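Here, each number is a calculation from the coordinates, and none is a lab measurement. Every value quoted in this text rests on a predicted model; they were computed, and no experiment measured them. Counting neighbours? That spans all protein chains shown, and the Cβs are built from the backbone with ideal geometry, glycine included.
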């Protein structure tokens, strides 16, 4: 039981990180009609900014996090203005390739800006844990899971209940028509990029303490978030978030109970077979295409 | 007076040769390969720096993979994020089969066949999954292969040593000797020329037209009696075979196969090569590989340090935004410009004459 519980706690933490990243990807997919492959790299870049501030000025992580989030906001706005908006006319695959180019630029530029040595970031709550039926649960885990859930809840509320959320949903459903209806689609797209960058950065800040801040720190998260997106289906905002938790739990369980090395492979295989029978994910439906 | 007939004869030969080249693009590819061989010879005897050899070997490897990916990306409109993994299948597969004691040719064939089988499985997957879901499914395959490469003991952990390669049962070639390394390079250049011919044949065949039809509109293609499933499987299989051939060449030239190199970043580099070189162009793939890999390895590294990723990333975005046809298209544009000027001048002359 205690093993199972610690797996569950662990999965909740990684799952919430995956979910943040997955939500960011879906947000951009729905508003810009492209898959942002550079999601993880943007998070990494801003985590580096945070780590640099932390190590050179000695601020606490609570002060550093807002700085990172702010730079993330700027990164998102800049990328949308200078790269994504001029590319409105190019086709879908080319748009995806642009974000692949962003990965290359960011991966290449980090050693020049921040050096080659990895940085360390502390946990939000450095110590303290509570025993739950024999499994220890860190306060930090509770905090990160709570903040991610609250944040995602807030975003869902925003998308479903507010006027701006309505603007996001109509932009997602048909950009041209919503433009004709007076929806400021440019601002909507820009804000989704900024929000996505902030979510990615938050995910990076949460994941950083369990390793170090290095150019590949978000690779795993990024890939898992994509898998969550596919598994949950890109048509809904909640599907990928739920799928992220499912994937995190499945990976941890197979890694613990079945095989250590091949746990991931097993889960990926199952998802691929699943996709073969249900190509648009658990919650997705086949898009209606007009010929 | 006595020289003139001789000159004429030379000219005649030249003209005959020119028409031959024009009529048979295959000859062009062969000449291109031979020029590369000559280049390799110059760098192996010391006229050019000897590391050029190694850089160009990698360019050749990238060119072959890019030719395969171009069939997917440029012709069929399908995106694969696993192309680098299949170079790994080719290289590591060759190494494993060689270590079992098989001769090189059979080892290479087995490696290529196993890659082709995985490729056709992805193709089958693509019958149900499409668009972004398909791209990410190839990422699943890449992740699974990465895990297999790094965890299975038979791939030797960090790298798999292959050592001296024996070709055709008698020709032993080691990369440690300069002369033999040149032979290895020459083999690669010729294989690349052959792969270019194969690509040309595929493009000009019924299948090539079917690929293009599918990329424009799958429904219209299906209405015309082209089975999208068949040609998708075909496109994926061919692309993986190309990548595996490149992997075999990697094993042949470098005579060892690392396990951690075949990740997403290298796949991205290959996509960058296809985009920068120009969709649907054959020479463009070599040009793209030269620009993306060669320029940063040969020149930029000395000037600015390791900027290859930044360079190719920026180039990728700039090309997509401002020159979506790719660098290979520059020739056409220059020629157009040239004719435009020529024509304009002539027009002026005509107008002058009239007045």
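With a 10 Å cut-off between alpha carbons and a GNM built on chain B, which of B:286, B:322, B:56 moves the most?
Most flexible of the set in this elastic network: B:322.
So what is the relative contact order of chain A, in percent, for Cα pairs below 8 Å that sit 6 or more residues apart?
Once normalised by length, the contact order is 35 percent.
Quick one: order A:166, B:145 by neighbouring beta-carbon count within 10 Å, fewest to most.
A:166, B:145
Could you work out how far the C-alpha centroid of the range A:60-132 sits from that of the range B:222-259, in angstrom?
34
Taking each residue of A:47-55 in turn, how many C-beta atoms of other protein chains fall within 10 Å of its C-beta, and what is the average?
0
Ignoring everything except DSSP H segments at least 4 long, calculate the 222 nm mean residue ellipticity for chain B; use -39,500 (n - 2.57) per segment, divide by total residues, nearest 500.
My calculation for chain B gives -24500 deg cm²/dmol from helical runs alone.
Within a 10 angstrom radius of the beta carbon, how do B:148, B:61, A:103 rank from fewest other beta carbons to most?
The most exposed by this proxy come first: B:148, A:103, B:61.
Going by a ≥ b ≥ c, the root eigenvalues of the Cα gyration tensor, does chain A fall in the rounded group (a/c under 1.5), the prolate group (a/b larger than b/c) or the oblate group?
oblate
Calculate the length of the line joining the C-alpha centroid of the range B:117-184 to that of the range B:31-79, in whole Å.
First find each Cα centre; the distance between them is then 18 Å.
Given the DSSP H assignment, sum -39500 (n - 2.57) over each helix run of at least 4 residues in chain A and divide by its residue total; what's the result at 222 nm in deg cm²/dmol, nearest 500?
For chain A, the value works out to -23500 deg cm²/dmol.
What residue among B:274, B:198, B:96 shows peak mean-square fluctuation when chain B is described by a Gaussian network model with Cα springs under 10 Å?
Comparing B:274, B:198, B:96 in a Gaussian network model of chain B, the most mobile one is B:198.
Can you tell me the relative contact order of the range B:158-224? Whole percent, Cα pairs under 8 Å, sequence separation 6 or more.
12
Cα gyration tensor of the range A:8-165, axes a ≥ b ≥ c as square roots of the eigenvalues: rounded (a/c below 1.5), prolate (a/b > b/c) or oblate?
Here the range A:8-165 falls in the oblate category.
Could you list B:229, B:249 so that the one with the fewest beta carbons within 10 Å of its beta carbon is first and the one with the most is last?
Final ranking by Cβ density, sparse to dense: B:229, B:249.
For chain B, set up a Gaussian network in which alpha carbons nearer than 10 Å are linked by springs, and say which option among B:314, B:226, B:241 fluctuates the most.
Between B:314, B:226, B:241, it is B:314 that shows the largest mean-square fluctuation.
If you take the square roots of the eigenvalues of the alpha-carbon gyration tensor of the protein assembly as shown and sort them as a ≥ b ≥ c, do you get rounded (a/c under 1.5), prolate (a/b over b/c) or oblate?
Because a/c hits 1.5 or more and a/b exceeds b/c, the protein assembly as shown counts as prolate.
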